[in-house]
Number of protein chains: 2
Amino acid sequence: MASPLEPPAHVVIIGGGFAGVAVARGLADQPVRVTIIDKHNFHTFLPLLYQVATAGLEPADVAYPIRTIFGHANNIRFRHATVREVDHDRSVVIFDGGAELAFDHLVVATGATAAYFGIPGASRFAMPLYSLADARRLRNRLLASLEEADVAAEHAAIKLTFVVVGGGPTGVETAGALSELVRIAIRRDGLRIRPEDVRVLLVDLAPRLLTAFPESASRYALRELTSMGVEVNFSRSVVEVEQGHIRFDDGERLAAAAVVWAAGVTASGTIAHELQVSAGPGGRARVTPDLRLVDSANVWAVGDAAAVPQDESTVCPQLAPVAIQSGRHCAEQILRVLSGEPTQPFRYRNKGIMATIGRQAAVAKLPRGGVIKGTLGWLAWLGLHLFYLVGFRNRLRVLINWTWRYFDWPSGPRLIVADAETAD
Amino acid sequence: MASPLEPPAHVVIIGGGFAGVAVARGLADQPVRVTIIDKHNFHTFLPLLYQVATAGLEPADVAYPIRTIFGHANNIRFRHATVREVDHDRSVVIFDGGAELAFDHLVVATGATAAYFGIPGASRFAMPLYSLADARRLRNRLLASLEEADVAAEHAAIKLTFVVVGGGPTGVETAGALSELVRIAIRRDGLRIRPEDVRVLLVDLAPRLLTAFPESASRYALRELTSMGVEVNFSRSVVEVEQGHIRFDDGERLAAAAVVWAAGVTASGTIAHELQVSAGPGGRARVTPDLRLVDSANVWAVGDAAAVPQDESTVCPQLAPVAIQSGRHCAEQILRVLSGEPTQPFRYRNKGIMATIGRQAAVAKLPRGGVIKGTLGWLAWLGLHLFYLVGFRNRLRVLINWTWRYFDWPSGPRLIVADAETAD
């Protein structure tokens, strides 16, 4: 650790998601200076983005100012900026615009983004759900489609199809919430289109939903989604996405008001290129067991951006608990390096995984393989997500919104948010 | 009124603000068909826009879906569209894109927009507060200015000036809230800029604040604003607004991080031109005492868009109570015309006016001229605004936000909302 006369070491963290915030939290009030950089001034609670997209929550419910998280910690600064590149030789971060920031240690926590697997048109016309901007765009598309259908339904019978690609937790959660939104909006808001003329179709390449869960969970999720009016197609792949259409491997070309892309994630291109980091599986940064880049002594990578080792041969899945645990571990190791102690390897403590399907329906896979389903699973999911929301006020607001929605009160925040962005 | 065999008359309302919503409410469950048209799918509670601009409230707190307001009324339809023109001869509304909608009665409730009085650069570089989009833009500018100042303050002393033009209720409320925001954000969020280096300047052409109120209210508002750190300049006019600067009639050219334009309103250009309505004072539609256009039997104008008569020689001010009362009156008169009864002239019932200056400070002018100041005025202001917020949930959310803010908790929603709109 630095002597009292030396200035404290400077740790720079790129990214204010789960991983980056966990690193900074681990360094709060320690004898280091910390700068956390993000192009957004807020932390986004990604597990609830699908709720923003389906108008169950407002953007402010799942976003929290990064400055406010660390307002109490005098050794942590926030910088609202975009990193253009990292000069590893000079240990300097270079921002868009050319300003530089020197570091003693750098943590790459830049997260992941949607993977399109080279499918033509997917990156352009399908709608991912990996940022607040994505969620707002998807919500606007969904609500605007219903408004257009309402006008058209005056003169002719209208069919509307929303397609969700991917049967993992994000796909299942989004399809369920979307089906609920459509039915609530049509009934409560007096839309002219009939509920039976709106189709929500979930398509997956796999032969079952939620492949990371046991088969009993998959069967349960399928039964619940089906009872909510979602159609599910298995073992079917997308070959092209066009404006207003989607094409499948069996030759069908379907008119779709929106294609939600929940097929998988990849580390953001930034890591391999701009940050000049050696990329491993899924574009994720290769790291040593202590989470340092394989070829660096003072650059670390955590969360979705890193190929975090699970054991000798496998890497951890890209999940919030991995991000939080790896961030916390990284902070400890930086402090160890600074005090001349040897580092320790990261160990992932599996806390289980969860997915919600609708009101009162959720599945959880416990660390030892057991499964919780139904209302109990849903309550567990609710409690856990509320617990992890960053601020007390956010928790309260989300709880209010959910309570309203649960009791089916008509005043859901079905605002077309794009309307608020354009000139009056 | 139509006989049971005739189809009911069709009333088309352009605009979902206070006035348009009041008209539709007055026609709910009456023997008419109603279509309310707005380019936004939500009603905006304009009196609280300054709170959104200064990050005290979220956009969803002051916006409410128009469909949801009328979800229970089977005779009211909402149409999410922009009106391009009105064909008075054929009694048809023409939308952007060319679709048409025939009406038996048309109500113009298109509201007002900022008046720039021909001051060079004002419409381009000053920031008005007359729509949710305006409020979001202003908030983004304010918070982004603080972030930029934080980076710059690392190397040099930084002075930041925000200018509010106009000393009416909007200007006073915005200047007060802005000064509070700056001080809270600097203290709570650990910004490097010093509070004393941020200047909030309110400029007005008049010799006192709140000219619509008695002088004792003006003195009180000035004392409160000053104690909150707002500088007030009287009898001073703006001659030009440039990017990053403002110029005054005394020759001073001041660097300004933002110029908030609260100098006055004018009816939106739409009324006089696209809707082919004869315009009176402030571009407002000239109407007869029963609120019909002077040259029409079936086109009405209400709220800020209309020169609503107060008595034989004067017109009402552009205020929310006038909009609501004139909308309600218009609905009654349309029903009278449809049942062959004579119409009645509009009478404005003065309910007084209010302005808030900060937490615990407000002034109200009572109908008979009395003034309420201080905490009592603030509580009255709070109760009245909560009462008029459209939905129960919105009221609860706003109350929670205010309670938090009042007790100065650190978790204010200081999100740079533009960040959520750009690509991740």
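Pairing each residue of the stretch A:319-334 that is farther than 18 Å from A:Pro47 by Cα with any residue that is among the acidic types (Asp, Glu), provided the two are 6+ apart or on different chains, yields C-beta distances under 7 Å for A:Gln333/A:Asp290. Within the stretch A:109-160, the set of residues being within 30 Å of A:Val23 (Cα to Cα), more than 13 Å from the chain's Cα centre (by Cα) and hydroxyl-bearing (Ser, Thr, Tyr) comprises A:Tyr116 only. Count of the stretch B:8-30 residues, restricted to those that are part of a loop (DSSP other than H, G, I, E, B) and in contact with a strand residue (DSSP E or B) (Cβ under 8 Å, 6 or more places away or on another chain), is 5. Filtering the stretch B:142-160 down to residues that are charged (D, E, K, R) and within 13 Å of another protein chain (Cβ to nearest Cβ), which residue is farthest from B:Val230 (Cα to Cα)? Residue satisfying both the conditions and the ranking: B:Glu154. Checked against the criterion of being crowded, with 24+ Cβ neighbours inside 10 Å and touching a helix residue (DSSP H, G or I) at 6+ places or on another chain (Cβ under 9 Å), the stretch B:309-320 contains not a single residue that satisfies it. Go through the stretch B:261-313 and report how many residues are modelled with pLDDT of 75 or more, part of a loop (DSSP other than H, G, I, E, B) and more than 17 Å from the chain's Cα centre (by Cα). Final tally of qualifying residues: 15. Restricting attention to the stretch A:116-129 and to residues that are away from every other protein chain (no Cβ under 14 Å) and part of a loop (DSSP other than H, G, I, E, B), the residue that is surrounded by the most Cβ atoms within 10 Å (Cβ to Cβ) turns out to be A:Ala126. Before we move on, is B:Val200 buried (at least 23 other Cβ atoms within 10 Å of the Cβ), of a type in the set (A, V, I, L, M), outside the structural domain of B:Ala320 (by TED's automatic domain parsing) and at pLDDT 90 or above? Judged against the criteria, B:Val200 is a match. Filtering the stretch A:220-260 to residues that are farther than 29 Å from A:Arg359 by Cα, part of a strand (DSSP E or B) and of a type outside the set (A, V, I, L, M) leaves A:Glu240, A:Glu242, A:His245, A:Arg247, A:Phe248, A:Arg253. Just one of the listed residues (A:Gly171, A:Gly190, A:Gly167) is in a loop (DSSP other than H, G, I, E, B), in the same structural domain as A:Ala135 (by TED's automatic domain parsing) and either closer than 23 Å to A:Ser123 by Cβ or modelled with pLDDT of 95 or more (or both), namely A:Gly167. Here B:Leu132, B:Leu138 are screened, and the one residue that is within 14 Å of chain A (Cβ to nearest Cβ) and under 15 Å from B:Leu178 (Cβ atoms) is B:Leu138. Do we find a residue being within 19 Å of B:Ala256 (Cβ to Cβ), more than 14 Å from chain A (Cβ to nearest Cβ) and surrounded by fewer than 22 Cβ atoms within 10 Å (Cβ to Cβ) anywhere in the stretch B:161-170? There is at least one residue in the stretch B:161-170 that is within 19 Å of B:Ala256 (Cβ to Cβ), more than 14 Å from chain A (Cβ to nearest Cβ) and surrounded by fewer than 22 Cβ atoms within 10 Å (Cβ to Cβ). The set of residues in the stretch B:217-239 that are of a type in the set (Lys, Arg) and under 13 Å from B:Leu202 (Cβ atoms) contains only B:Arg236.
So that you can scan it fast, the table gives a plain yes or no per residue for (1) assigned to a helix (DSSP H, G or I); (2) more than 21 Å from A:Val151 (Cβ to Cβ); (3) at the interface with another protein chain (Cβ under 7 Å from one of its Cβ atoms); (4) among the charged types (D, E, K, R):
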{"residue": "B:Gly56", "(1), (2), (3), (4)": "no, yes, no, no"}
{"residue": "B:Thr68", "(1), (2), (3), (4)": "yes, no, yes, no"}
{"residue": "B:Gly71", "(1), (2), (3), (4)": "no, no, yes, no"}
{"residue": "B:Phe78", "(1), (2), (3), (4)": "no, no, no, no"}
{"residue": "B:Arg84", "(1), (2), (3), (4)": "no, no, no, yes"}
{"residue": "B:Asp89", "(1), (2), (3), (4)": "no, yes, no, yes"}
{"residue": "B:Val93", "(1), (2), (3), (4)": "no, no, no, no"}
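When B:Ala135, B:Ala185, B:Ala144 are screened for being under 27 Å from A:Ala99 (Cβ atoms), surrounded by 22 or more Cβ atoms within 10 Å (Cβ to Cβ) and in the same structural domain as B:Ile246 (by TED's automatic domain parsing), only B:Ala185 passes. B:Ala255 meets the conditions (1) of a type in the set (Gly, Ala, Ser); (2) under 20 Å from B:Thr54 (Cα atoms); (3) surrounded by fewer than 18 Cβ atoms within 10 Å (Cβ to Cβ) in every case but one. The failed one is (2). For the residues B:Leu202, B:Leu146, the requirement of being in contact (Cβ under 8 Å) with a residue 40 or more places away in the chain and not hydroxyl-bearing (Ser, Thr, Tyr) singles out B:Leu146. When A:Val287, A:Val277 are checked against the criterion of being outside the structural domain of A:Asp204 (by TED's automatic domain parsing), free of Cβ contacts under 8 Å to residues at least 24 places away in the same chain and surrounded by 24 or more Cβ atoms within 10 Å (Cβ to Cβ), a single residue qualifies: A:Val287.
Against the numbered list (1) touching an Asp or Glu at 6+ places or on another chain (Cβ under 8 Å); (2) part of a loop (DSSP other than H, G, I, E, B); (3) modelled with pLDDT of 80 or more, A:Gln333 comes up short only at (2).
Any residue at all in the stretch B:17-25 that is surrounded by 24 or more Cβ atoms within 10 Å (Cβ to Cβ) and within 11 Å of chain A (Cβ to nearest Cβ)? Yes: one or more hits.
Starting from residues that are farther than 15 Å from B:Arg183 by Cβ and crowded, with 21+ Cβ neighbours inside 10 Å, keep the ones in the stretch B:219-237 and report whichever is modelled with the highest pLDDT. That would be B:Val232. Checking the stated criteria, B:Ser179 turns out not to satisfy the condition of being closer than 19 Å to B:Val52 by Cβ and surrounded by fewer than 23 Cβ atoms within 10 Å (Cβ to Cβ).
The values are calculated or read from the model by the stated rules, or taken from the named source; none is laboratory data. The shown structure was predicted, so the numbers you read here are calculated from the model rather than taken from an experiment. Backbone-built Cβ (ideal geometry, glycine too); neighbour counts: all protein chains shown.
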